[in-house]
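The values are calculated or read from the model by the stated rules, or taken from the named source; none is laboratory data. These figures come from a predicted structure and were not determined experimentally. All Cβ positions, glycine included, derive from the backbone under ideal geometry; neighbour counts span all protein chains shown. Ligands, DNA and RNA are stripped out before the accessible areas are found, and what is left, the full protein with its side chains, is counted by its heavy atoms. Shrake-Rupley method; radii C 1.70, N 1.55, O 1.52, S 1.80 Å.
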Amino acid sequence: MEYNFRDIEKKWQQRWIDQKTYRVTEDKDKKKFYVLNMFPYPSGAGLHVGHPLGYIASDIYARFKRQQGFNVLNPMGYDAYGLPAEQYAIQTGQHPAITTEANIKRYREQLDKIGFSFDWEREVRTCEPGYYHWTQWAFQKMFNSFYGSPLPTSPDKGGDAKARPIHELIAYLEQYGTEGLDSYGVAQSEELSFTADEWNAWNEKKQQEVLMNYRIAYLGETMVNWCAGLGTVLANDEVVDGVSVRGGFPVVQKKMRQWCLRVSAYAQRLLDGLDTIDWTDSLKETQRNWIGRSEGTEMQFRVADSDIEFTIFTTRADTIFGVTFMVLAPESELVQQLTTAEQKAAVEEYLTYVKKRTERERQMDHKVTGVFSGSYAINPLTNEKIPIWIAEYVLAGYGTGAIMAVPAHDSRDYAFAKHFNLPIIPLIEGADISEESFDAKEGIVMNSSNGEFSLNGLTVKEAIQKTKEYVTEKKLGRVKVNYRLRDAIFSRQRYWGEPFPVYYKDGMPYMIPEDCLPLELPEVSQYKPTEDGQPPLGHATRWAWNTQTCSVVDCSTIDNKTVFPLELNTMPGFAGSSAYYLRYMDPHNDKALVDKDVDAYWQNVDLYVGGTEHATGHLIYSRFWNKFLYDYGYSCKEEPFQKLVNQGMIQGRSNFVYRDNTASKTKGHPVFVSLNLKKNYDDVTPIHVDVNIVSNDVLDIEAFKAWRPEYHDAEFVLEDGKYVCGWAIEKMSKSMFNVVNPDMIVEKYGADTLRLYEMFLGPVEQSKPWDTNGIDGCHRFLKKFWNLCSAACVDSGTAQTATPEELKSVHKLIKKISQDIPQFSYNTSISAFMICVNELSQQKSKNKELMKTLVVLIAPFAPHIAEELWEQLGGQGSVCDASWPTWNEAYLVENTIKLGVAFNGKTRFEMSFAADADNNTIQQAVLADEKAAKYLEGKQVVKVIIVPKRMVNIVIK
C-alpha cells in the first residue's frame with residue numbers, strides 16, 4: 001500500500017470532527033492535565049512555519065499525557081483586539097471586526113491542516129461581548145478594591161495582605177482618617193494625611209478623588225509613550241528609536257490622566273510566587289529584575305536658599321559622604337521648581353530631547369546626557385552644597401525620581417561625573433577610581449566623617465547598618481523596601497478594544513451596574529481620533545449612560561443629572577489575555593467567569609508554552625490578575641502557570657540571486673550570475689529572492705521571471721546547467737522573502753512530516769534556522785515507517801513471534817521516548833525512532849503487536865499516520881486513547897558486547913563476546929582469531945591488556 005498522506009490526513013481530520021475526538025469535559029475519575037499555548041493574535045499574514053513550533057510541541061505533550069490516562073484540556077482561541085486591525089480600518093474604513101473575522105478564519109484553516117488536538121468547542125475570542133463581559137467585571141472588582149492587611153473594619157482578623165472591598169477602607173477613614181493606616185500596609189499612590197472629621201466633612205467628589213489614591217484600578221497622572229500619528233498611548237515594546245513600530249510615527253513622553261492597575265501592590269507576592277513554580281532560572285531572574293526589590297533608606301535633602309525639600313531613595317545610605325551631585329528625572333515635578341532663570345532655556349531644550357525617548361531606550365542606551373538645573377541641595381550629614389542636575393538615566397517611576405550621585409562607586413554616576421567634570425570622592429580604602437568606579441560591596445570605609453558621626457574604619461556591612469540607625473534616630477529619613485515594578489497603564493486611545501464599563505459624574509468615574517455587563521463597543525463613523533483630540537469613541541453618537549433606565553442612550557441626551565458620558569478610552573491588549581486560561585475552563589458560563597467546581601477540577605495550567613518576549617509583560621500582568629482573583633476566591637490557585645516552556649524562534653533561511661551590475665547596465669536587462677561564478681565578476685549585488693521558488697538552493701528560473709515584472713527578461717549565467725542561489729540565516733520576514741507558508745509544506749509533504757520536521761530541527765527551547773532542504777528526510781522516514789507497518793498488516797495471517805532483537809529495539813525506543821517527552825527532547829526522540837525503524841526493517845520484522853506499539857509511540861508526533869495504521873492493525877477506537885506502553889528492562893539487557901582489538905594501542909578490528917565472558921576466554925579468542933594472525937606474525941606477545949566492556953590491547957614487539 002502506498003503512503004497517500006493527503007487522503008489519510010483529510011480522512012482523519014474529518015473523523016476527529018465527526019466523533020468529537022478532542023472534546024473534553026470534567027471527569028473526577030481521571031487526573032487532570034491542562035496544556036495551554038500563549039494566546040495568538042490573528043494577523044492578516046496568517047501563519048508561517050515558525051508560528052506552529054510551540055503549538056506542535058505542546059500538542060505532542062498533550063497527546064502523550066492523554067495516552068498516559070490523563071484528562072487533558074488543550075484549548076485554543078484568539079487575542080482578537082489589536083492595533084493592526086484598527087490601522088487597517090482607519091486606512092480603508094472597513095470595520096475591525098470584519099478584518100479580524102477574516103484573519104481568524106484563515107488562522108483556523110491553517111491550524112486545522114496541521115492536526116492539533118484542540119478542543120474547539122472551548123474557543124474564545126477577546127473581542128466577543130460574552131468574553132469581555134468578564135474582563136469588564138474584573139476591572140470593576142479592582143476599582144472597588146484596595147490592597148492591605150485586615151483593618152479594624154474588616155470582617156477577618158489577622159489575615160494576610162490582599163485585595164479587599166473598598167467599603168472596608170471607607171469605614172476605616174470614617175472612624176480614624178489616615179491615622180495608623182501605614183501599619184496595615186495599605187497600598188497607595190502617595191501618603192496622605194487627614195482626620196476622620198475632615199473625611200466626613202468632604203463632599204462626594206472630594207472623597208472619590210481621595211479614594212483614587214487607594215483603589216487597585218484607579219485614574220492617575222502618569223508618563224506615557226504618546227503617539228500623535230496613531231492617536232494613542234503605546235507600550236514600550238511598540239516603540240523603537242523614538243518612533244512607533246507600526247507606521248513609524250514620532251513618539252514622545254507625555255503626562256496624561258490614565259486608568260492604571262496597582263500591580264506594584266503585589267510586587268512581593270509576585271516575587272515569592274516564583275519560588276513555587278517550575279519555570280527556567282533565566283525567566284525567573286528576568287522577572288525578579290523587572291520587579292526589582294531593593295532594601296534601602298529614604299532620606300530628605302533640603303534645597304539651598306529655599307524651603308523646598310525632596311526625598312531620595314538609596315540602597316547605600318552609608319555612601320552619603322561621597323555624594324558630589326544630585327540628579328532629577330526629567331519628568332520630576334521638581335524640575336520646574338528648581339530650574340533657575342539662567343538655566344531655563346537649556347533645561348527646556350533638554351526636556352524636548354528626552355520626550356522623544358522611551359524609558360526602555362533610556363535604560364538600555366548608556367550614553368551620557370544631562371543639564372544643570374541651576375540649584376543646589378544641602379547634604380544632610382556634611383551641610384555641603386551639591387549641584388542638582390537633570391538627566392535621562394534617572395526614571396521618575398522608580399524610587400522618588402531623584403537620586404544622590406556617588407560617582408566613585410556607581411558606574412553611571414561615574415560616567416556622568418567624568419563627562420561633566422564633577423568631583424569624585426572614593427569611600428573605600430585602596431579604591432582605584434582612575435579609570436572606572438569601584439565596586440563598594442565590601443572593604444573598609446574612609447572619607448566618611450563629619451565630626452559628630454563617623455563610619456571610618458568600619459566594614460561596608462557595619463557602615464550600612466550604622467547609617468540606617470543614625471538616619472532613623474535623627475529623623476533624617478526612614479528605612480524602606482522599594483520595588484522597580486510600576487503600576488500598569490490600562491488606557492488606550494483606540495477604538496478596537498474592550499470598552500470600560502464607566503461613566504463620568506462631576507468629572508469622577510462611576511461603574512455601571514454589574515448586572516448591565518457587558519457594555520458593548522459602539523459603532524462609530526470613523527476609527528481615528530476626533531478633530532479635538534478625543535479617542536475614536538468620541539465619534540460615537542450613542543455613547544452615554546442613563547442611570548434611571550440603566551442603558552446606553554444617545555449622547556445628545558446627556559444632562560449630567562441622570563444621563564452621563566461614558567469613558568472614551570478602551571482597555572489595552574493585555575486586558576483580554578490576563579485571565580483567558582480561567583475562561584477556557586468554563587467558556588459558555590454566562591453567570592460567572594468560571595464555576596467554582598470546574599475551577600477546583602482544572603485548578604491551573606500544568607504546562608504553558610510560549611515565547612520569551614512575554615517575560616515582563618503578559619506573564620507579570622496575568623500573574624497579578626490571577627492573584628487578585630485568588631484573593632476573592634474566584635481562582636483556587638494563586639499561580640496560574642505551574643510549568644512554563646519557552647519555545648525558540650524558527651529563523652528564516654534566505655536565498656539570494658546575484659546581479660552582474662556591469663552586464664545589466666550594458667545589455668539593458670538584468671543579468672544574474674550563479675553563486676559559484678560570482679567571484680569572476682567585479683560588480684555584483686546580492687538580492688533576496690522568494691524562497692518558495694527555490695528548491696535545494698536551485699532557482700526555478702521561469703518562476704523567478706514571473707515573480708516580478710522587472711525580471712521577465714532576465715538573463716542567467718548558469719553553472720552545470722542550473723542557477724545556484726546563495727543563502728543566509730536571518731529573521732523570518734516578508735521583506736526578506738524568506739517566509740515559508742506551512743500550507744505549502746502540508747500540501748507537498750503532509751502535516752505529519754511538517755510536525756516531525758519542526759521538532760527534528762533541534763531542541764524546542766532553542767532558536768534554529770528553517771531549511772526546507774532537510775524536510776525530505778522526515779518524509780522518507782514516514783514512508784519507511786508506513787511500509788514497515790503495512791507489511792505487518794499484509795502478513796496478518798502469519799502470527800510471528802517477536803525475536804529478542806525486535807523486543808530490544810522496540811523497548812529501547814519506548815524507554816527513550818518516555819523519558820524524552822517530559823524533557824521536551826523531541827528531536828532525540830525522532831532520531832531514536834528512525835534508528836528503531838531501520839533496525840526493524842533490517843530484521844524484516846512483521847510482528848503485529850510490536851507494530852501497534854510503534855504506532856502508539858508515534859501518535860503524539862504524527863497523529864494522522866498513526867490513526868490510519870492503528871485502524872489497519874486492528875486497534876480499537878482512536879489511537880489517542882491507546883495506553884502508553886511501558887518498557888521491560890529485561891529486554892534491554894545486553895547478551896553480547898563488542899570490544900575493539902588493538903595492537904600496541906592502535907585499534908585494528910572489533911570482536912563480539914558473551915556479556916559474561918571472563919578475561920581468559922576473551923584473551924584466548926582474540927589470539928586465536930584469524931584477523932589477529934597477520935598482526936602477530938613474527939611478533940612476540942609481551943602482554944594482553946583488557947579494558948572491561950571497551951577494548952583489548954595486545955602489546956607486541
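Some values worked out for this structure:
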| quantity | calculated |
| --- | --- |
| Helix 826-842 axis, angle to the chain major axis (alpha carbon atoms, nearest 10°) | 10 degrees |
| Total formal charge among the other residues, if their Cβ is under 14 angstrom from that of Gly648, Lys/Arg +1 and Asp/Glu -1 | -1 |
| For the range 282-307 and the range 650-671, distance of Cα centres in Å | 55 Å |
| Residues Ile17 and Arg257, FRET efficiency given R0 of 56 Å [Cβ-Cβ distance, rounded to 0.05] | 0.65 |
| Three-way shape label, the range 232-292, alpha-carbon gyration tensor, a/c 1.5 | oblate |
| Charged-residue dipole, Cβ positions (Lys, Arg, Asp, Glu), the range 463-620 about Cα centre, Debye nearest 20 | 1180 debye |
| Peptides ranked, highest mean first, by Cβ atoms within 10 Å: ranges 625-636, 560-571 | 625-636, 560-571 |
| Accessible surface, the chain, averaged per residue in Å² (probe 1.4 Å) | 45 Å² |
| Extended-chain gain in nm, criterion 0.36 nm per residue less alpha-carbon gap, Ser306 and Ala346 | 12.2 nm |
| Translational diffusion of the range 464-596, µm² s⁻¹ [Kirkwood Rh, Cα pairs; Stokes-Einstein; 20 °C; 1.002 mPa s] | 117 µm²/s |
| FRET E, pair Cys555, Lys157, Förster distance 45 Å, beta-carbon r, rounded to 0.05 | 0.40 |
| The range 376-512: C-alpha gyration tensor shape, a/c 1.5 cut-off, then a/b vs b/c | prolate |
| For the range 798-856, alpha-carbon Rg relative to the globular expectation (2.2 N^0.38 Å, N residues) | 1.13 |
| ³J(HN,Hα), Karplus 6.51/-1.76/1.60, whole Hz, each residue of the range 729-746, x for Gly, Pro | 8, 9, 4, 6, 8, 4, 5, 9, 6, 10, 6, 9, 7, x, 4, 5, 5, 4 |
| Potential extension, Gln766-Glu123 segment - 0.36 nm per residue separation minus Cα distance | 228.6 nm |
| Residue-count net charge about Glu473 - beta-carbon cut-off 14 Å; Lys, Arg +1, Asp, Glu -1 | +3 |
| Solvent-free Debye scattering, log10 I(q)/I(0), computed from the Cα coordinates of the chain at q = 0.05, 0.07 Å⁻¹ | -0.44, -0.81 |
| Normalised contact order of the chain, rounded percent, pairs of Cα under 8 Å and 6 or more residues apart | 12 percent |
| Rounded to 10°, Cα long-axis angle of helix 775-794 versus longest principal axis of the chain | 50 degrees |
| Relative contact order [Cα under 8 Å, 6+ residues apart], the range 794-859, whole percent | 49 percent |
| Gain in span if fully extended, Arg360 to Asp916, counting 0.36 nm per residue against the direct Cα distance | 193.6 nm |
| Calculated from backbone phi, Karplus (6.51, -1.76, 1.60) coupling profile of the range 851-861 in Hz, x at Gly/Pro | 5, 4, 5, 4, 5, 4, 5, 8, 4, x, 7 |
| Scattering curve values for the range 570-705, log₁₀ I(q)/I(0), Debye with Cα scatterers, q = 0.09, 0.12 Å⁻¹ | -0.55, -0.63 |
| With every protein chain in place, the range 193-255: carbon and sulfur % of accessible area (1.4 Å) | 48 percent |
